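The values are calculated or read from the model by the stated rules, or taken from the named source; none is laboratory data. This one's a predicted model, so the numbers in the text were calculated from it and none came from an experiment. Note that each Cβ is placed from the backbone with ideal geometry, even for glycine, and that neighbours are counted across all protein chains shown.
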Amino acid sequence: MTDQQASGKSAALTYTSYLALDEILAAQRPRSDEHDEMLFIVIHQVYELWFKQLLHELDLLQRKLAKVDTAHSVRTLRRALTILKVVVAQIDVLETMTPRQFTSFRERLDAASGFQSGQFRELEAVLGRRDGRMLKPYAEGSTAHDRITAAMSRPSLFDSFLAYLAGSGYDISATHLNRDVGEQWEAADDVRQVLAQVYRDDAGPSTVADLLVDLDEGMQEWRYRHVKMVERTIGSKAGTGGSAGAEYLRSTLFHSVFPDLWAVRSDL
C-alpha cells in the first residue's frame, strides 16, 4: 500500500493523468522495425478518435433536432463539419509515405484492414445506411456488432431532420415520421416538395438543410480522397484482410447520404 492510499488521498490530477497519456502513448505497437509503420499506426488511431468525436457530436445533434433547437443544431453541425475537414486533411500526411515505404511493413498487418473500423460503420449507420453486410466483420455480441446494430435500429440523422421540420411547422407526412427506421430511406417526392418550401422560406431550417448538404459532401470528399490515397499507395492490389482495395472504395463514390437534399436543387 502506498502512502497516498494509506492516507486516503488521491493523486493530484495532472495533464498526463487527465489525458491518460501513459496509456495513449503506449498504444503504438509496430510489428516491424520499419520507420514508417509508426506513422501508419498513429494516423489510424487519430482517425478513430475523430470518429468517436463525430459520433458524439451527431448524437448531440439528433437530440437538439428533436427539441427543434435550431441555433444549437447549427453550432453542432458546424463543429462536425470542421472535424470532418481535419479528418480529410490527415490524408495529406499519410500520402507522404511512398508505396515502397508502405510495402516494407504491409505484410505484418496480416488480416487487419480499415474495413474493420466499427466506428466508421456506426457513423454510416447514424447517417442512414441500413445494410446488414456491415456486420459481417464483427462477431455477434462484440462491441462493434452491438453498436452498429443499435445504430441501424434507431432513427437516422435524416429521420431526425424530418422530425425537426415537422416541429418547425412543415407538413411532413406521418407515414415518414412513423416509418420503420430499420429500413433504408428512399427519396420521396413529397419530402422534396417540403424541402423546396424550406428553401423558399430561407429561415433557420434552410441553414440546417444546407449544413447537412455540407456534411454529405464532406463524407463524399473523404471517400474520394481515401480511394485516391489507396490507389497511389497500392495501385490495384487487393487490400489487407482480403478486401477488394481501391476497387471497392471506388464503388462507394458519389453515393449521397441525403438524396432528397440534392434532388431538391433542381426545383429551386
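Annotations for the structure displayed:
- Any chance residue 27 is within 30 Å of residue 212 (Cβ to Cβ) and small (Gly, Ala, Ser): no
- Residue list for the range 29-66, restricted to those being part of a loop (DSSP other than H, G, I, E, B) and either among the hydrophobic types (A, V, I, L, M, F, W, C) or loosely packed, with under 12 Cβ neighbours inside 10 Å (or both): 29, 33
- Inspection of the range 146-162 finds a residue satisfying the criterion of being out of contact with any Ser or Thr (no Cβ under 7 Å at 6 or more places or on another chain), at pLDDT 95 or above, over 15 Å from residue 258 (Cβ atoms) and among the acidic types (Asp, Glu).
- First in the range 129-149 and of a type outside the set (S, T, N, Q), second anywhere and surrounded by fewer than 17 Cβ atoms within 10 Å (Cβ to Cβ) and assigned to a loop (DSSP other than H, G, I, E, B), Cβ under 8 Å, 6 or more apart: 129/184; 130/182; 130/183; 130/184; 131/184; 145/139
- The residues of the range 150-166 that are in a loop (DSSP other than H, G, I, E, B) and either touching a Cys at 6+ places or on another chain (Cβ under 8 Å) or of a type in the set (Gly, Ala, Ser) (or both) amount to a single one, 156.
- The set of residues in the range 163-194 being among the hydrophobic types (A, V, I, L, M, F, W, C), within 15 Å of residue 65 (Cβ to Cβ) and either surrounded by 16 or more Cβ atoms within 10 Å (Cβ to Cβ) or touching a Ser or Thr at 6+ places or on another chain (Cβ under 7 Å) (or both) consists of 163, 165, 166, 172, 181.
- Residue tally, condition charged (D, E, K, R), free of Cβ contacts under 8 Å to residues at least 24 places away in the same chain and closer than 20 Å to residue 116 by Cα, over the range 29-81: 1
- Residue tally, condition without any contact (Cβ under 8 Å) to a residue 12 or more places away in the chain and either acidic (Asp, Glu) or over 29 Å from residue 82 (Cβ atoms) (or both), over the range 201-219: 4
- Going through (1) part of a loop (DSSP other than H, G, I, E, B); (2) within 24 Å of the chain's Cα centre (by Cα) one by one, residue 169 falls short only on (2).
- Hits in the range 119-149 - residues which are in a loop (DSSP other than H, G, I, E, B) and surrounded by fewer than 17 Cβ atoms within 10 Å (Cβ to Cβ): 131, 136, 139, 140, 141, 142
- Qualifying residue in the range 172-182 (condition: assigned to a loop (DSSP other than H, G, I, E, B), free of Cβ contacts under 8 Å to residues at least 60 places away in the same chain and in contact with a Leu (Cβ under 7 Å, 6 or more places away or on another chain)): yes
- Residue count, the range 183-193 (criterion: part of a helix (DSSP H, G or I) and within 27 Å of the chain's Cα centre (by Cα)): 2
- Qualifying residue in the range 208-224 (condition: hydroxyl-bearing (Ser, Thr, Tyr) and in a helix (DSSP H, G or I)): yes
- Among the residues listed as 19, 54, 49, 60, the single one being in contact with a Ser or Thr (Cβ under 7 Å, 6 or more places away or on another chain) and either within 30 Å of residue 167 (Cβ to Cβ) or modelled with pLDDT of 90 or more (or both): 60
- The single condition among (1) out of contact with any His (no Cβ under 6 Å at 6 or more places or on another chain); (2) at pLDDT 90 or above; (3) of a type outside the set (Gly, Ala, Ser); (4) surrounded by 13 or more Cβ atoms within 10 Å (Cβ to Cβ) that residue 24 does not meet is (4).
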